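Participant: Have a look at the structure that comes next, please.
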């Protein structure tokens, strides 16, 4: 048994591991990291104030195309909880992006094993599809993006 | 300073406190609690397996009208994190409900103080509005529902 505190430390460490991996994978494909983190602000609400410590949102650009990349490790205690959290963050990011920078498209970065085990399942497919959320699937070992959806 | 463990215990206890309060507030208005918890199942995915311990979703009925009520305490370490989680859960519940029971409308139950401090702000209003998510605002002391939106 792993304590909640140990799991939490493990999850935090894993988030820090995936962050440079996704950066590197994007750079290999010719993207430039323009914002790390990408701050999202709506009116009086400064999302990044609360999110900075927990989440990684990158601003990335290539040939004039701008995207935002939300990095999720999915290494929490419950995959469903991580999924709810990822979808809620994605929803709120999309809502804010549409207001302040409608041309920047959001991608959720997901490690390959989580994609295969979870995102190919019916619930995830319907949920992601309905939200019109784009996925960027990466292989953490090879530091490569393997699927853009 | 409150440790993360203490906060977690406090939050869990608060969830247990709000659960009977929302039930009682609904019953005062003539609703019948038909499912506690309401299990949501899609294909091979059994949401309730993972959610049972963390979340309260009620199935409620009055004069033939069926609703599902998601109870959130918003007593976590970060209001924004709680909000992301609530919106992600709501999204996934809505997606599943539309598949299996399209006539049952989802409501997110929110305590009055959180509604006034947070849900009247611009980010929350846009996010909730875009999702077409209904709110049920309750006063935890009087055990009464004060706003249906």
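The values are calculated or read from the model by the stated rules, or taken from the named source; none is laboratory data. For clarity, every value in this text was computed on a predicted model and none was experimentally measured. When we count neighbours, we look across all protein chains shown, and the Cβ atoms used for this are built from the backbone with ideal geometry, even at glycine.
Participant: Just to be sure I understand the filter: pairs with C-beta atoms under 6 Å, separated by 6 or more residues or on different chains, first member in segment B:24-51 and over 30 Å from residue B:142 (Cβ atoms), second member surrounded by fewer than 19 Cβ atoms within 10 Å (Cβ to Cβ) and modelled with pLDDT under 75. Which pairs pass?
Facilitator: Within 6 Å, the pairs are B:39/B:48.
Participant: Find all pairs meeting these conditions: Cβ atoms under 7 angstrom apart; at least six residues apart or on different chains; first residue within segment B:92-106 and over 20 Å from residue B:62 (Cα atoms); second residue assigned to a loop (DSSP other than H, G, I, E, B).
Facilitator: Note: pairs meeting the criteria are B:93/B:40; B:96/B:40.
Participant: Kindly indicate the residue of segment A:57-114 that is more than 14 Å from every other protein chain (Cβ to nearest Cβ) and modelled with pLDDT under 90 and also surrounded by the most Cβ atoms within 10 Å (Cβ to Cβ) among those meeting that condition.
Facilitator: Among residues in segment A:57-114 that are more than 14 Å from every other protein chain (Cβ to nearest Cβ) and modelled with pLDDT under 90, the one surrounded by the most Cβ atoms within 10 Å (Cβ to Cβ) is A:73.
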